[in-house]
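Contents: one structure, followed by commentary.
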């Protein structure tokens, strides 16, 4: 079954139920499944009117909104190949993706990083049309620039049955999307995912994340992210759930209260920020309250049955219920993916009654390979393999996978495709891991990111970085030390909290540069590092650190759109600081 057929199957089954909800100036609006299905059909007819056919590429560069889902489903339903692009991508990355994918159409929303009105048509000779979700003045005379409503109107001249005929010609083995990896090194590669890849992954995950028509999911990760697209969109739509779009990452706390979702997908950084805000607020409380809260969390983490533990029941009324209410009060499942989640943070959320289920996957695997379940959740692991997927560990510790979710290959790159598959057809993830006796997979680090000291010791930087970020005073961290006698850390402080604390202490600093150079501030971080080093092997202790005055951003290329560190870029930009750490 192809993705279009699967979607319209849901439309038929749940026609009157809410499908999408989004916020406008006058409040929240929504479509039922029947209304959304009508929008998808109109848009598909509009694409046929433009002359698009099976295999043509349609790029989507937009923030999350209902038209994103319509543009995607309308295109894949008639056999076109959608090319999602992160709205935070640099103009250079966008140009590379449009050119490399040979996209004929670009669906574009206002306010994103690519301003089409200032771009020259000759830069993209293969691009026939730009479809503006937010019509801009001055473009009405350009036949190559059309509004979304124009496309819907054009479709009226195409017989409705033409969409059905086009859908019938789409095979499950056909490519449905080219998803360009955010890439921690080099240019992004186009991952070819078929209809079967995505549909089977969404179906398999339904058995891991029990989802149904009564569920409401808050969509906050970019829909160009494979996790949000396959699980947050396709899986939810196939299950008949309702998707509510957060206005932005900044408004998530408010949108949680408005939408009161039952499910949410998150990357670890989002959970780290929630965790940090909770502890920042608690730090303002009297000493007794802070002591009670910490003791309550410790009890709850150890308690096997929350309902039978008097201490936990009392703590729930005093503390935990309030935290859950800040998440909307109905949250029953938070899926975490995209990067490693600290075991300490997962345990904390579990203690307060928020079920965080960590999973594991890559864009190349559609994306999920393994996931914890509500009834089988082991902290510190990414869970067992999902149904129909096989995982094993190679002799060198690399995680290998095979199954119907594994990509067809990299677009226009047979060499790179061959490199990531074993002779036996297993996909090489590039991650190092181990599988315990019960089948739970634990990821220890990226194969290419392991640090080897001059003493021959291998060190996994990600777990150390995640542990450092448990401190509310640390926003970002990068462990360095390849070929050196010891490891050191580059640390970006949580300036919001740090500036508050320095004001309370009467410390004066004109700039952030002055702040991180302040001797008292450095003593605070030195104490954090000393505590971090306790009970660690000597070769894993951080001997020196440097505080940086600027946060690493997607725009500056230091982190990917999925918030992973681009270590090479960081190392190049802070070469002097790193050199000083090892003098």
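The values are calculated or read from the model by the stated rules, or taken from the named source; none is laboratory data. Just so we're clear, the structure is a prediction, and the values are computed from it rather than from any experiment. Positions of Cβ are backbone-derived with ideal geometry, glycine not excepted, and every protein chain shown enters the neighbour counts.
I need a count of the residues in region 70-92 that are buried (at least 23 other Cβ atoms within 10 Å of the Cβ) and out of contact with any strand residue (DSSP E or B) (no Cβ under 7 Å at 6 or more places or on another chain).
Looking only at that region, the number is 8.
Yes or no, residue by residue, for (1) touching a strand residue (DSSP E or B) at 6+ places or on another chain (Cβ under 8 Å); (2) at pLDDT 95 or above; (3) assigned by TED's automatic domain parsing to the domain that holds residue 370:
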position: 441; (1), (2), (3): yes, yes, yes
position: 455; (1), (2), (3): no, no, no
position: 463; (1), (2), (3): yes, no, no
position: 469; (1), (2), (3): yes, no, no
position: 488; (1), (2), (3): yes, yes, no
position: 493; (1), (2), (3): yes, yes, no
position: 499; (1), (2), (3): no, no, no
position: 506; (1), (2), (3): no, no, no
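Residue under question is residue 214, and the condition is that it be in a loop (DSSP other than H, G, I, E, B) and more than 18 Å from residue 61 (Cβ to Cβ); does it hold?
So residue 214 fits the description; yes.
Considering only region 512-544, state which residues are touching a helix residue (DSSP H, G or I) at 6+ places or on another chain (Cβ under 9 Å), under 21 Å from residue 456 (Cα atoms) and either buried (at least 17 other Cβ atoms within 10 Å of the Cβ) or in contact (Cβ under 8 Å) with a residue 12 or more places away in the chain (or both).
Hits for region 512-544 are 540, 541, 542, 543, 544.
How many residues are farther than 16 Å from residue 243 by Cα, touching a helix residue (DSSP H, G or I) at 6+ places or on another chain (Cβ under 7 Å) and either assigned to a helix (DSSP H, G or I) or at pLDDT 95 or above (or both) if we restrict to region 1-23?
Matching residues across region 1-23 total 6.
Can you find even one residue in region 558-574 that is buried (at least 19 other Cβ atoms within 10 Å of the Cβ), outside any helix (DSSP H, G or I), modelled with pLDDT of 95 or more and in contact with a helix residue (DSSP H, G or I) (Cβ under 6 Å, 6 or more places away or on another chain)?
No, region 558-574 contains no residue that is buried (at least 19 other Cβ atoms within 10 Å of the Cβ), outside any helix (DSSP H, G or I), modelled with pLDDT of 95 or more and in contact with a helix residue (DSSP H, G or I) (Cβ under 6 Å, 6 or more places away or on another chain).
Exactly one of (1) at pLDDT 85 or above; (2) at positive phi is unmet by residue 424. Its number?
That leaves (2) as the condition not met.
Could you check region 278-300 and list, in sequence order, the residues that are surrounded by fewer than 18 Cβ atoms within 10 Å (Cβ to Cβ), in contact (Cβ under 8 Å) with a residue 12 or more places away in the chain and under 27 Å from the mean Cα position of the chain (by Cα)?
Hits for region 278-300 are 279, 280.
Filter region 163-210 down to residues that are part of a loop (DSSP other than H, G, I, E, B), under 28 Å from residue 44 (Cα atoms) and in contact with a helix residue (DSSP H, G or I) (Cβ under 9 Å, 6 or more places away or on another chain) and give me whichever is modelled with the lowest pLDDT.
Filtering first and then ranking leaves 181.
When you scan region 240-257, how many residues do you find that are part of a loop (DSSP other than H, G, I, E, B) and touching a residue at least 40 places away in the same chain (Cβ under 8 Å)?
So the answer is 4.
Can you tell me which residue is modelled with the highest pLDDT among those in region 370-404 that are surrounded by fewer than 18 Cβ atoms within 10 Å (Cβ to Cβ) and on the phi > 0 side of the Ramachandran plot?
Within region 370-404, the match that is modelled with the highest pLDDT is 388.
Collect the residues in region 399-435 that are within 24 Å of residue 198 (Cα to Cα), part of a strand (DSSP E or B) and in contact with a helix residue (DSSP H, G or I) (Cβ under 7 Å, 6 or more places away or on another chain), keeping them in residue-number order.
401, 409, 410, 427, 430, 431
Here is a list: 230, 200. Which entry is crowded, with 21+ Cβ neighbours inside 10 Å and either over 17 Å from the mean Cα position of the chain (by Cα) or outside the structural domain of residue 58 (by TED's automatic domain parsing) (or both)?
Matching residue, one of 230, 200: 200.
When you look at residue 95, is it surrounded by fewer than 22 Cβ atoms within 10 Å (Cβ to Cβ) and within 24 Å of the chain's Cα centre (by Cα), yes or no?
It is true that residue 95 is surrounded by fewer than 22 Cβ atoms within 10 Å (Cβ to Cβ) and within 24 Å of the chain's Cα centre (by Cα).
Just to check your reading of the model, which residue among 491, 507 is surrounded by fewer than 19 Cβ atoms within 10 Å (Cβ to Cβ) and either more than 30 Å from the chain's Cα centre (by Cα) or under 21 Å from residue 342 (Cα atoms) (or both)?
It is 507.
Among the candidates 270, 236, single out the residue that is assigned to a helix (DSSP H, G or I), farther than 23 Å from residue 109 by Cα and not assigned by TED's automatic domain parsing to the domain that holds residue 366.
When all the criteria are applied, what remains is 236.
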